[in-house]
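*Asks:* Supplied in structure tokens, the structure appears directly below.
The values are calculated or read from the model by the stated rules, or taken from the named source; none is laboratory data. It should be emphasised that the depicted structure is a prediction, and the values quoted were computed from it without experimental measurement. Quick reminder, even Gly has a Cβ in these numbers, built from the backbone with ideal geometry, and neighbours come from all protein chains shown.
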Amino acid sequence: MRIGIDLGGTKIEAIALSEQGEELARQRVPTPQSSYQDTLDAITGLVADIEKKLGRAGSLGVATPGAISPASGLIKNANSTCLIGHPLDHDLATALDRPVRTANDANCFALSEAVDGAAAGAETVFGVIIGTGTGGGLVVRGEVLTGPNAIAGEWGHNPMPWPRPEEWPGVRCYCGRMGCLETLLCGPGFAREFNEATGQTLTAREIAALADAGDVAACAALDRYEERLARALAHVINIFDPEVIVLGGGMSNIKRLYDNVPKLWGTHVFSDQVDTRLTPPRFGDSSGVRGAAWLWPVNHAQRSK
């Protein structure tokens, strides 16, 4: 049995999967906002509850914001700031008396979709998060590619390739740099641009609904978004050349992206033909927690039954 934990900013979700990937149990609690120790206690409590319910122990994987630094062994780059500077995997392993594997939440999303999701069977997968933030994860032959600096797939904190004059130098990103992809492709960034242009105050979902209804300004905003997403993904294709790109996060629910973006990215891909497939996720918001469970291989899960 595999247990996965998705450590989010507002909720912590746990799932137990069978050897075949079938869901055995699921439970969630609000994310403590007070301290790191409270977060550890919430995770260990979820694991204990699930194992008591199912009557057996399992391997444990955790999807985290940020990543474990290979240099220090401590969490870095997390928007849940109480985690930064702590050895989360070590502390959980000590508390639960078993090894624990952790990975960035975008990596877990990509792994879930590569193992038994929308990209099942593909050797190379790029999983993209375009929601409140923007990020990505790389999976090769069913394994997450993290890199020596634990930043493989940090697509959102690169500049927009082939920038237009109006896109450069861009707005300041929370990371401190100017013009990151995240500032243009995340949901709030998309809404910010539309609202500044129209004087309205709408969410990304509301703007997409207006576009579906034929609103001219909303349609123009989505046209602009699709062209930018195509450029950004073309850059990834030129470097990684994935078989499948899976979109996740709130913006991935815009259905027209899957038809329009592949029609646009060929202009920027250094090839006479682009066979990369763009697809929505199979598991949606559940991909992160499922990917955390899949951080352990099949043979380990069999020994944990």
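*Asks:* Looking at (1) in contact (Cβ under 8 Å) with a residue 24 or more places away in the chain; (2) surrounded by fewer than 19 Cβ atoms within 10 Å (Cβ to Cβ), which one does residue 17 not meet, given that it meets all the others?
*Replies:* Exception for residue 17: condition (2).
*Asks:* Turning to a different aspect of this structure: Of the conditions (1) over 27 Å from residue 228 (Cβ atoms); (2) outside any strand (DSSP E or B); (3) in contact with a Gly (Cβ under 6 Å, 6 or more places away or on another chain), residue 61 fails just one. Which one is it?
*Replies:* All conditions pass for residue 61, except number (2).
*Asks:* What pairs come out if I take residues in the range 182-199 that are closer than 11 Å to residue 251 by Cα and assigned by TED's automatic domain parsing to the domain that holds residue 230 and pair them with residues that are aromatic (Phe, Trp, Tyr) and part of a loop (DSSP other than H, G, I, E, B) whose C-beta lies under 7 Å away, six or more apart or interchain?
*Replies:* none
*Asks:* Consider residue 214 against the criteria (1) surrounded by 15 or more Cβ atoms within 10 Å (Cβ to Cβ); (2) at positive phi: it satisfies all of them except one. Which criterion is unmet?
*Replies:* (1)
*Asks:* Inspect all residues belonging to the range 63-82 and state whether any of them is buried (at least 20 other Cβ atoms within 10 Å of the Cβ), under 19 Å from residue 282 (Cβ atoms) and touching a residue at least 40 places away in the same chain (Cβ under 8 Å).
*Replies:* Within the range 63-82, one or more residues are buried (at least 20 other Cβ atoms within 10 Å of the Cβ), under 19 Å from residue 282 (Cβ atoms) and touching a residue at least 40 places away in the same chain (Cβ under 8 Å).
*Asks:* Determine which single condition residue 156 fails, assuming it passes every other condition in (1) within 15 Å of residue 66 (Cα to Cα); (2) in contact (Cβ under 8 Å) with a residue 40 or more places away in the chain; (3) within 14 Å of the chain's Cα centre (by Cα); (4) outside any strand (DSSP E or B).
*Replies:* (2)
*Asks:* Do we find a residue being in contact with a helix residue (DSSP H, G or I) (Cβ under 9 Å, 6 or more places away or on another chain), surrounded by 17 or more Cβ atoms within 10 Å (Cβ to Cβ), under 30 Å from residue 56 (Cα atoms) and at pLDDT below 95 anywhere in the range 242-250? Talk me through it step by step, then tell me what you get.
*Replies:* Residues of the range 242-250 in contact with a helix residue (DSSP H, G or I) (Cβ under 9 Å, 6 or more places away or on another chain): 242, 244-250.
With the extra rule that they be surrounded by 17 or more Cβ atoms within 10 Å (Cβ to Cβ), the set shrinks to 242, 244-250.
Applying the additional criterion that residues be under 30 Å from residue 56 (Cα atoms) yields none.
There is no residue in the range 242-250 that is in contact with a helix residue (DSSP H, G or I) (Cβ under 9 Å, 6 or more places away or on another chain), surrounded by 17 or more Cβ atoms within 10 Å (Cβ to Cβ), under 30 Å from residue 56 (Cα atoms) and at pLDDT below 95.
*Asks:* If you don't mind, another one. In a loop (DSSP other than H, G, I, E, B) and either over 21 Å from residue 283 (Cα atoms) or basic (Lys, Arg) (or both) - does that describe any residue in the range 136-143?
*Replies:* So the first thing to find is which residues in the range 136-143 are in a loop (DSSP other than H, G, I, E, B), and the list is 141-142.
Restricting the remaining residues to those that are either over 21 Å from residue 283 (Cα atoms) or basic (Lys, Arg) (or both) gives 141.
Yes, the conditions are met somewhere in the range 136-143.
*Asks:* I'm told residue 179 meets every condition in (1) surrounded by 14 or more Cβ atoms within 10 Å (Cβ to Cβ); (2) out of contact with any Gly (no Cβ under 8 Å at 6 or more places or on another chain) except one. Can you identify the failing condition by its number?
*Replies:* With respect to (1) surrounded by 14 or more Cβ atoms within 10 Å (Cβ to Cβ); (2) out of contact with any Gly (no Cβ under 8 Å at 6 or more places or on another chain), residue 179 is out only on (2).
*Asks:* If you don't mind, there's one more thing I want to ask. Which condition breaks for residue 95 when tested against (1) touching a residue at least 12 places away in the same chain (Cβ under 8 Å); (2) in contact with a Pro (Cβ under 7 Å, 6 or more places away or on another chain); (3) of a type in the set (A, V, I, L, M); (4) surrounded by fewer than 18 Cβ atoms within 10 Å (Cβ to Cβ)?
*Replies:* So residue 95 meets the others, but not (2).
*Asks:* Between a first residue in the range 117-133 that is more than 27 Å from residue 22 (Cβ to Cβ) and touching a residue at least 60 places away in the same chain (Cβ under 8 Å) and a second residue that is of a type in the set (S, T, N, Q) and surrounded by fewer than 22 Cβ atoms within 10 Å (Cβ to Cβ), which pairs have beta carbons less than 7 Å apart while being 6 or more apart in sequence or on different chains?
*Replies:* Filtered contacts from the range 117-133: 130/252.
*Asks:* Collect the residues in the range 119-134 that are buried (at least 24 other Cβ atoms within 10 Å of the Cβ) and farther than 19 Å from residue 101 by Cβ, keeping them in residue-number order.
*Replies:* Of all residues in the range 119-134, those buried (at least 24 other Cβ atoms within 10 Å of the Cβ) come to 119, 125-130, 134.
Once the filter is applied, which keeps residues that are buried (at least 24 other Cβ atoms within 10 Å of the Cβ) and farther than 19 Å from residue 101 by Cβ, the range 119-134 yields 119, 126, 128, 129, 130, 134.
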